[in-house]
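The values are calculated or read from the model by the stated rules, or taken from the named source; none is laboratory data. This is a predicted model, so every value here is computed, not measured. For neighbour counting, all protein chains shown are included, and Cβ atoms are generated from backbone atoms with ideal geometry for every residue, glycine included. Each accessible area value is taken on the protein alone, full model and side chains, heavy atoms only, with ligands, DNA and RNA left out. Shrake-Rupley method; radii C 1.70, N 1.55, O 1.52, S 1.80 Å.
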Amino acid sequence: MQAGEHLLNVWRRFDGLPMDNLVKAWNYERAGLKKQRSVEQMREHREAHGLGGNCFDLALWLMAEFREAGIEAYAVGSGLSTEGAHAAVLALDEKGRRFLCDLGDQWIQPILVDSQDPAFSDSPHAGFFPGADVQLSAEPDGMTIIYQRPGGKLSVQKYSLDPVGEEAFWQAAEYSQHQLGKTPLIEVRVPFEGEVAHWEFGDWQSELSTSKGLFEEEPAPSFDAWVERIHERSGYDRDIIEEALAFYKSMD
């Protein structure tokens, strides 16, 4: 079920890079009419400020990195051009096998989705998603993934594996950049006691999801303390975090 080094060498360039809506809020007024950043802008913002982006940013960026490495890759998504849209990437290895690559949901590594391949298994698998085992079920129109968390909690997500055309995907990305939401969100994969855990700040609460369970953190005592906590977890510039949080605070 695991990808080979050819894909992983590209995937690992994004280790520790967050998914969030903070960058979206920070960039909104700066961007002019078109809000979706180019891949070159995203690279510049990472170099200058440590920034990641939302699921469309990360999918576009990852596709570009794959293609520059000579790897065939294309966009997939669900609910495109709606507020609940989600974007990911399918990449093909040297044998033509398809791997789901989802930085938006902060997967640890890509996973094989070709159900006819001898290496495919519909058993639960650890090591692909922070704080959960994943179980894949092939459907006629895509792939259903069941996330099995400690304590027996289950959640489900369905992916269409059909390619989304470049123009349609960029249009959906542009739509997404205009949907700022009402509360701040940032998620990032972090090391924790020998595993990769999932840290999330959302709606002025933060928590760490691990194989041992979910650990809720004490609320930060002040706005500045939230800025510092997010900076320590994400590496984002403090000024950008502060500006984005102030935007969302103004919407309360």
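Structural remarks
- Residues (hydroxyl-bearing (Ser, Thr, Tyr), open to solvent by less than 40 Å² (accessible area, probe 1.4 Å) and more than 22 Å from Gly84 (Cβ to Cβ)) located in the stretch 153-212: Ser206, Thr210
- Tally, over the stretch 213-236, of residues that are farther than 22 Å from Gln148 by Cα and either open to solvent by less than 20 Å² (accessible area, probe 1.4 Å) or assigned to a strand (DSSP E or B) (or both): 6
- Qualifying positions in the stretch 40-55 - open to solvent by 20 Å² or more (accessible area, probe 1.4 Å) and either of a type in the set (Val, Ile, Thr) or part of a helix (DSSP H, G or I) (or both): Glu40, Gln41, Arg43, Glu44, His45, Arg46, Glu47, Ala48, His49
- Of all the residues in the stretch 85-110, those that are farther than 25 Å from Asp133 by Cβ and not charged (D, E, K, R) number 3.
- With respect to the conditions (1) touching a Pro at 6+ places or on another chain (Cβ under 8 Å); (2) among the aliphatic types (A, V, I, L, M); (3) surrounded by fewer than 16 Cβ atoms within 10 Å (Cβ to Cβ), Met251 lacks only one, and its number is (1).
- Residue check, Leu60 within 18 Å of Gly235 (Cα to Cα), under 16 Å from the mean Cα position of the chain (by Cα) and open to solvent by less than 20 Å² (accessible area, probe 1.4 Å): no
- Some residue of the stretch 20-29 being surrounded by 14 or more Cβ atoms within 10 Å (Cβ to Cβ) and within 21 Å of Phe128 (Cα to Cα): yes
- Pairing residues of the stretch 126-147 that are closer than 14 Å to Trp107 by Cβ with residues that are charged (D, E, K, R) and at pLDDT 95 or above, at Cβ distances under 6 Å and at least 6 apart in sequence or on separate chains, gives Ala126/Asp133; Pro130/Arg189.
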